Amino acid sequence: MTANASSSRGERDALKRAAAEAAVQLVQDDMIVGLGTGSTAAFAVEALARRHRQGLRFVAVPTSERTAAQAAAAGIPLATFAEHRRIDLTIDGADEVERETLNLIKGLGGALLREKIVAAASHRLAIIVDGGKLVDRLGTQAPVPVEVAAFGLEPTQAALEGLGASVQLRRSPAGEPFVTDGGNRILDCRFGLIARPAALEERIGRVVGVFESGLFTNRADMVFAADTGGVRRLDSARVHRGRPPILVLMGVSGSGKSTVARELAARLGWTFEEGDSLHPESNVAKMHAGVPLTDEDRQPWLEAVAAWIDDQRARRQPGIVTCSALKRSYRRIVVGDRQEARLVYLQGGRDLIAGRLANRKGHFMPAALLQSQFDTLEEPAPDEDPLTVDIGPPADRVAAEIIRLLAASGAAQVNSPSRSR
Ligand code: 5RP
């Protein structure tokens, strides 16, 4: 190794250590802690061992045999899922972090299946990286590792190629197929830049022979990213205002609520509910017949939307629901004092929307009702704290703008104190 290479490695290690040190501050007495895998996670294990020696009481669930060996040698008490089904906090590394969503690629260290199992069982997932791993779009540098059964490797590989990937079987330095802790193989898949990571994660997950992919969407709660200026803590939009947000996409018919919601769900991996599907049959019939709904008609529908939101809140899951919510009084029913519910107003001019409605097929809202929609519309006021977006650009860009606004309003700065959830 050249002097330059070794000093840049030393600098990178210093950044990894700094990120790890910041994250382990989240660990408190009596926690069950998930231990990640990789060179950055190893610094966290080291720091936790030090805190353990200083008297911090916790038990840890490791994500690999390698991490288990390091932790055990350092005196950290280990536990299994047989003893603890839920983990309070997991600290793990990543190969790429999408800046605005905190979606991840993981698994270059080969532990992705156990890492995902541990992440899924964790109340909070903190990711530690050096700043060079932050990207605008996943797939910029890293392939997506996919853990697959050794049996039927070839058809599984062909199916992944069918999803548009160029696929390589991972090999050990000796040239043998790499074998995971679970005895499986890894196919490294290059998809190019990934515009809709949650949708891709789901499609990969449906391939027979696949255990899990290294796409971790809607998992990370925070990322500690270290660069020469210090450690920055980025909080996921999924803990917006300290709670999982439920986005209420509002606006007149034709403003693109459903299309934008689907784009958001494909990027974020949040559950999406089509608000129109919550209308009682009688309302649907009226709308088909071109009869405007009365406030009395809308009441059960708005209550059904509110009930869907409450269900998400009870499960502490983020979500996206479409609901025209044209009047403030309607929004009072849907949003009320629910801290989680965040209005997203899709704002557009009448001409643009009229043009879109004229081209729309198979929808029950005839263009003739647009006038009554605009007559009814009361734009959300500042005290309703809406995220307002212009619907002029294509839906994927509108969705990207919503994510940007959400991230900007939720992002925290250097080593800010942890927020409760
Ligand atoms: C292992 C992982 C690692 O967390 C990821 O590869 C990052 O590793 P490193 O910190 O060594 O760069 O996902 O499966």
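Quick notes
- Every condition in (1) crowded, with 20+ Cβ neighbours inside 10 Å; (2) over 25 Å from the mean Cα position of the chain (by Cα) holds for residue 233 except the one numbered (2).
- Of all residues in the stretch 234-267, those satisfying the criterion of being closer than 15 Å to residue 101 by Cβ and either modelled with pLDDT of 95 or more or not hydrophobic (A, V, I, L, M, F, W, C) (or both) are 235, 236, 238, 240, 244, 245, 247, 263, 264, 265, 266, 267.
- Hits in the stretch 38-71 (condition: more than 26 Å from residue 130 (Cα to Cα) and either of a type in the set (Gly, Ala, Ser) or loosely packed, with under 13 Cβ neighbours inside 10 Å (or both)): 53, 54, 55, 57
- Hits in the stretch 294-303 (condition: under 22 Å from residue 243 (Cβ atoms) and surrounded by fewer than 21 Cβ atoms within 10 Å (Cβ to Cβ)): 303
- Taking the criterion of being assigned to a loop (DSSP other than H, G, I, E, B), within 16 Å of the ligand (Cβ to nearest atom) and of a type in the set (S, T, N, Q), the residues of the stretch 49-95 that qualify are 63, 64.
- Selection from the stretch 170-210 of residues that are touching a residue at least 60 places away in the same chain (Cβ under 8 Å) and at positive phi: 209
- Some residue of the stretch 343-350 being at pLDDT below 95 and farther than 30 Å from residue 102 by Cα: yes
- Scanning the stretch 270-294 for residues that are among the small types (Gly, Ala, Ser) and touching a Lys or Arg at 6+ places or on another chain (Cβ under 9 Å) gives a single hit, 275.
- Checking residue 137 against (1) closer than 20 Å to residue 190 by Cα; (2) in contact with an Asp or Glu (Cβ under 8 Å, 6 or more places away or on another chain); (3) of a type outside the set (A, V, I, L, M); (4) surrounded by 24 or more Cβ atoms within 10 Å (Cβ to Cβ), the condition it does not meet: (4)
- Here the condition is being modelled with pLDDT of 95 or more and within 25 Å of the chain's Cα centre (by Cα); of 414, 334, it holds for 334 alone.
- Entirely in the stretch 176-290, the helices (runs of 4 or more DSSP H) that have 1 or more residues that are in the same structural domain as residue 64 (by TED's automatic domain parsing) and within 16 Å of the ligand (Cβ to nearest atom): 197-205
- Qualifying residue in the stretch 153-175 (condition: within 16 Å of the ligand (Cβ to nearest atom), surrounded by 23 or more Cβ atoms within 10 Å (Cβ to Cβ) and farther than 30 Å from residue 230 by Cβ): no
- Residues of the stretch 12-43 classified as assigned to a helix (DSSP H, G or I) and more than 14 Å from the ligand (Cβ to nearest atom), total: 3
- Within the stretch 72-82, the only residue that satisfies the criterion of being exposed (fewer than 11 other Cβ atoms within 10 Å of the Cβ) and touching a strand residue (DSSP E or B) at 6+ places or on another chain (Cβ under 8 Å) is 80.
- Residues of the stretch 126-148 satisfying the condition of being more than 10 Å from the ligand (Cβ to nearest atom), at negative phi and part of a loop (DSSP other than H, G, I, E, B): 136, 137, 138, 140, 141, 143
- Every residue from the stretch 99-125 that is more than 8 Å from the ligand (Cβ to nearest atom) and in contact with a helix residue (DSSP H, G or I) (Cβ under 7 Å, 6 or more places away or on another chain): 100, 101, 103, 125
The values are calculated or read from the model by the stated rules, or taken from the named source; none is laboratory data. Quick caveat: nothing in here was measured; it's all calculated off a predicted structure. Cβ sites come from the backbone with ideal geometry, for glycine too, and all protein chains shown count toward neighbours.
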